[in-house]
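Chemist: Dropping a structure here in structure tokens format, bear with me for questions.
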Amino acid sequence: VNYGIYENVDKTLPFTLICDRAFLAMKSIRDDYEHQIAFYDDEMRKRHIRNGQMENAFVEAIRNEEFVVYLQPKYSVETEEIVGAEALVRWRRPDGIVVKPEHFLPFYEKNGKIVELDFYVFEQVAVFLEKTKRSGIVPGPVSVNVSALHAEDPQTTQRYLEILQKHGVDPSMIQMELKETDTIRYENIRNLLHSFQQAGFQTALDNFGVGSSFLNLVGEVPLNDVKLGRGFIEKCEKDHRGTAFLKQLIEMLKSLGFQVVCEGVESARQVEVLKNAGCDLVQGNWFSMPLNTKEFENMLSLPGELRCRCREHTEYTAGGKTE
């Protein structure tokens, strides 16, 4: 049983609003199994206001293209050359403030608007790929994050294909990336992944190893890539057992036919560990920060020797303040 409490009640408020505040406190611990009691406080009030503002601003933000796509390059561990990228989204508001994804994606996931945002980001990526195709630049496959909520709509894959047809982009240039925890939570997610692969998309599992049953899961889901959570590489820097486990895990995944990607790579030491362990691809700030589409296109135009580990040539240039 969870309890939400609103104390120091403002008695000038309507009774229904007073109850709403206690209910809001209760909802804040709905998925928290360590706490049974939550109090409505000023921080909760401010968060509620922010959420209301995000709810109201969504349609206009989509219309005005305030959501901006950034691309973080993926590098081959062997050659350290760019072989693809992951599409990330930032919200650049009219006042110049850039809102990080962790401040709005979880909220839109909860209220269902993440589905429309996913299609928006996907189309921005398709526009970018259409442009690079005309200029003769091959960026490699771009992975886009897909919410598990798409699994509830049998028309999801068709809608994605219609966007690609509109821009003349082949599905093989896109990799559909879902979180491992979502594949456990949603029954229809395997059907969605099968549908993506039948349509010609590549598929990837993000944050592999975070879920409680990932070893049982990996043999059942249709995938091309498996992306290891950054926790694996962090453990390698602490003790030799972490390194040994990582090597065995990568060998197992590759024996099953998966390409292994590691994200969050922050140092030359981590690159060396992953190379010795047999990892295929890496991404992280050691190689490159997320870049806007123009910066990424410029990087692809560099000579090969400059395109390899361009960390010293790139910086995050979202502009304005970051919230």
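Chemist: Please give, to one decimal in nm, the separation of the simple spin-label points placed at ARG47 and ASN8, each 7 Å out from Cα toward the Cβ.
Modeler: The two pseudo-label positions are separated by 1.7 nm.
Chemist: With the dipole of the chain worked out from charges on the C-beta (+1 for Lys and Arg, -1 for Asp and Glu) around the Cα centre, which of GLN283, LEU192, SER172 lies farthest toward the positive end?
Modeler: It is GLN283, whose Cα lies furthest towards the positive end.
Chemist: Take the cross-link list LYS74/LYS110; LYS100/LYS131; LYS46/LYS179; LYS133/LYS227; LYS227/LYS247 and give me the ones stretching past 22 Å between alpha-carbons. Provide the component values of the computation, followed by the final result.
Modeler: Details: LYS74/LYS110 29 Å; LYS100/LYS131 26 Å; LYS46/LYS179 30 Å; LYS133/LYS227 27 Å; LYS227/LYS247 14 Å.
Among LYS74/LYS110; LYS100/LYS131; LYS46/LYS179; LYS133/LYS227; LYS227/LYS247, the Cα-Cα distance tops 22 Å for LYS74/LYS110; LYS100/LYS131; LYS46/LYS179; LYS133/LYS227.
Chemist: Ignoring ligands, DNA and RNA, what percent of the accessible area of segment 40-81 is carbon or sulfur (1.4 Å)?
Modeler: Numbers: 1000 of 2330 Å².
After summing per-atom areas, the C and S share lands at 43 percent.
Chemist: Going out from 0 in 5 Å bins, what whole percent of all Cα-Cα distances in segment 47-178 drops into each bin?
Modeler: The calculated distribution, bin by bin, is 2, 9, 19, 21, 19, 15, 10, 4, 2, 0.
Chemist: Give me D for the chain in µm² s⁻¹, whole number, from Stokes-Einstein with Rh from the Kirkwood sum over alpha-carbon pairs, 37 °C and 0.692 mPa s. Spell out each step's value before the answer.
Modeler: Numbers: Rh = 21.6 Å.
It comes out at roughly 152 µm²/s.
Chemist: Near the amide H of VAL77, under 5 Å away, which other amide H atoms are found, from residues 5 or more places off or on another chain, if H is placed in the peptide plane?
Modeler: LEU281, VAL282
Chemist: Give me the dipole magnitude in Debye, nearest 20, for the chain about the Cα centre, with unit charges on the beta carbon: positive for Lys and Arg, negative for Asp and Glu. Before the final figure, lay out each step's value.
Modeler: Values: 38 positive and 49 negative charges, 41 e Å.
Rounded to the nearest 20 debye, it is 200 debye.
Chemist: Stretch GLU162-GLU272 to full length: gain in nm at 0.36 nm per residue minus the Cα-Cα span? Provide the component values of the computation, followed by the final result.
Modeler: On the way: separation 110, 0.36 × 110 = 39.60 nm, distance 4.19 nm.
Value of the extension gain: 35.4 nm.
Chemist: While we're on this one: Could you report the chain's accessible area per residue, 1.4 Å probe, as an integer in Å²? Spell out each step's value before the answer.
Modeler: On the way: 16960 Å² over 323 residues.
Here the per-residue accessible area is 53 Å².
Chemist: In whole Å, what are the Cα extents of segment 1-81 along the three principal axes, biggest one first?
Modeler: 65, 37, 18
Chemist: Here's something else I'd like to know. Given the chain, what percent of its DSSP beta bridges are antiparallel, to the nearest 5?
Modeler: Values: 15 of 39 bridges.
Percent antiparallel among DSSP bridges in the chain is about 40.
Chemist: In nm, give the distance between the simple-model label positions of ILE18 and GLU80, each being 7 Å from the Cα along the Cα-to-Cβ direction.
Modeler: 6.7 nm
The values are calculated or read from the model by the stated rules, or taken from the named source; none is laboratory data. These figures come from a predicted structure and were not determined experimentally. Counting neighbours? That spans all protein chains shown, and the Cβs are built from the backbone with ideal geometry, glycine included. Note: areas computed on protein heavy atoms with side chains; ligands, DNA, RNA excluded. Shrake-Rupley method; radii C 1.70, N 1.55, O 1.52, S 1.80 Å.
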